[in-house]
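Note sheet for the following structure.
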Amino acid sequence: MTFQVIAGPCSLENCEMAITTARFLKSLGVETMRASIFKMRTCPKSWRGLETEGVDVLKTLKESFPDLKLVCEVRSLEDFELVTEWIDVIQIGTRNSQNFYLIEKLSERLATSQTLLLKRGMGMTVKEFRDAQHYAADPNKVWLCERGIRTFEKATRNTLDISAVPVLKSENKNTKVFIDPSHSSGEAAYIPPLILAAKAVGADGVIVEIHPEPQRARTDSQQALDFKTFELTMEKLSHVPHFTYENTTSVSW
Ligand code: PEP
Ligand code: MN
């Protein structure tokens with residue numbers, strides 16, 4: 001099982017930066033790109049992404065890079081219908097992680113080639129995370145993503161619960177578990193070591209925010225890696241052994 005790296009901007013901002021990012025990822029052999037156009041912002045005054053205008057960007061991306069898989073967060077079934085033609089991985093964000101109706105209905109609508117990526121709720125226990133996964137018609141088609149939880153610690157945006165990986169993998173080694181070092185740490189400088197840690201702890205992959213010009217990113221600029229740092233991190237990552245859970249026994253849920 002290879003370690004899967006998903007990378008891309010927090011939000012797609014326009015066609016040019018989308019294409020630039022896709023071309024860069026392809027040059028490094030990265031197979032899956034973050035490509036969100038609907039942003040669930042905590043403050044309603046914040047920019048909420050390209051929304052429906054972004055559908056054309058997704059279409060252009062898919063037509064220009066047919067074998068690059070795209071991940072897009074959806075807030076609702078309406079969003080899903082707008083993007084499903086172009087998207088391979090449907091993301092359910094932390095703010096919707098216990099929207100069981102959405103999980104259930106999206107899972108029923110997935111094409112064979114599509115997967116759900118469920119972010120852990122910021123106040124969710126591992127057990128609740130697993131429970132949410134089991135609202136899906138086929139829980140194996142739900143990748144779980146540890147993206148940091150709220151604790152008393154303020155040095156990072158959230159607290160990365162790295163032990164959630166061995167806990168989830170020991171419960172069921174077939175569940176794909178991802179780590180999001182971007183939303184957990186919230187700070188570009190902290191992200192490279194966390195990417196390496198994700199592989200060492202046996203996660204199935206990471207989902208990382210990168211941007212061609214991080215300081216100009218319209219959302220989450222503080223945590224966006226520049227291309228050079230990302231490339232150097234990928235090189236370092238190739239030397240890290242990937243822990244596997246092949247010999248753990250699967251306990252029933
Ligand atoms: C994201 O990945 O774009 C995002 C908003 O993450 P989360 O839902 O984990 O905050
Ligand atoms: Mn973000």
remark   = The number of residues in the range 11-29 that are under 20 Å from Leu117 (Cβ atoms) and either surrounded by fewer than 22 Cβ atoms within 10 Å (Cβ to Cβ) or charged (D, E, K, R) (or both) is 1
query = Which residue pairs have Cβ atoms closer than 8 Å, lie 6 or more positions apart in sequence or on different chains, and pair a first residue in the range 165-184 that is free of Cβ contacts under 8 Å to residues at least 60 places away in the same chain and within 13 Å of Gly205 (Cβ to Cβ) with a second residue that is of a type in the set (Asp, Glu) and crowded, with 24+ Cβ neighbours inside 10 Å?
reply = Val165/Glu146; Val177/Glu146; Ile179/Glu146
note = Those residues of the range 43-63 which are surrounded by 14 or more Cβ atoms within 10 Å (Cβ to Cβ) and touching a helix residue (DSSP H, G or I) at 6+ places or on another chain (Cβ under 8 Å) amount to Leu50, Val55, Val57, Leu58, Thr60, Leu61
task = Specify which of the listed residues (Phe24, Phe3) is touching a Phe, Trp or Tyr at 6+ places or on another chain (Cβ under 6 Å), aromatic (Phe, Trp, Tyr), touching a residue at least 12 places away in the same chain (Cβ under 8 Å) and closer than 19 Å to Pro192 by Cα.
result = Phe24
message = Being modelled with pLDDT of 95 or more, among the hydrophobic types (A, V, I, L, M, F, W, C) and within 16 Å of Trp86 (Cα to Cα) is true for just one of Val30, Val5, Val55. Which residue is that?
response = Val55
request  = Output the number of the condition that Ile6 fails; it satisfies all remaining conditions of (1) assigned to a loop (DSSP other than H, G, I, E, B); (2) within 16 Å of ligand 2 (Cβ to nearest atom).
outcome  = (1)
query = Which residues, taken from the range 96-133, are surrounded by 18 or more Cβ atoms within 10 Å (Cβ to Cβ), among the hydrophobic types (A, V, I, L, M, F, W, C) and under 20 Å from Cys72 (Cβ atoms)?
reply = Leu102, Ile103, Leu106, Leu110, Leu116, Leu117, Leu118, Ala132
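For every residue, the table says whether it meets (1) more than 14 Å from ligand 1 (Cβ to nearest atom); (2) surrounded by 19 or more Cβ atoms within 10 Å (Cβ to Cβ).
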{"position": "Pro166", "(1), (2)": "yes, no"}
{"position": "Lys176", "(1), (2)": "yes, yes"}
{"position": "Ala197", "(1), (2)": "yes, no"}
{"position": "Glu209", "(1), (2)": "no, yes"}
{"position": "Arg218", "(1), (2)": "no, no"}
{"position": "Ser221", "(1), (2)": "no, no"}
request  = Inspect the range 211-223 for any residue being more than 16 Å from ligand 2 (Cβ to nearest atom), part of a helix (DSSP H, G or I) and touching a residue at least 24 places away in the same chain (Cβ under 8 Å) and give the result as yes or no.
outcome  = no
message = Within the range 30-42, take every residue that is hydrophobic (A, V, I, L, M, F, W, C) and either part of a helix (DSSP H, G or I) or within 16 Å of ligand 1 (Cβ to nearest atom) (or both) and give me the one that is surrounded by the most Cβ atoms within 10 Å (Cβ to Cβ).
response = Ala35
key: Selection status of Ser64, modelled with pLDDT of 95 or more, of a type in the set (Gly, Ala, Ser) and within 16 Å of ligand 1 (Cβ to nearest atom)   = no
message = Taking the conditions exactly as written (in a loop (DSSP other than H, G, I, E, B) and either within 16 Å of the chain's Cα centre (by Cα) or modelled with pLDDT of 95 or more (or both)), does His183 satisfy them or not?
response = no
request  = Note down all Cβ pairs under 6 Å where the first residue falls in the range 232-253 and is within 19 Å of Pro139 (Cα to Cα), the second is assigned to a loop (DSSP other than H, G, I, E, B) and at pLDDT 95 or above, and they're at least six residues apart or on different chains.
outcome  = Tyr245/Gly202
message = For the range 189-210, which positions are assigned to a strand (DSSP E or B), in contact with a helix residue (DSSP H, G or I) (Cβ under 7 Å, 6 or more places away or on another chain), among the aliphatic types (A, V, I, L, M) and within 19 Å of Ser221 (Cβ to Cβ)?
response = Val208, Ile210
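The values are calculated or read from the model by the stated rules, or taken from the named source; none is laboratory data. Quick caveat: nothing in here was measured; it's all calculated off a predicted structure. Every residue, glycine among them, receives a Cβ derived from its backbone with ideal geometry; neighbour counts consider all protein chains shown.
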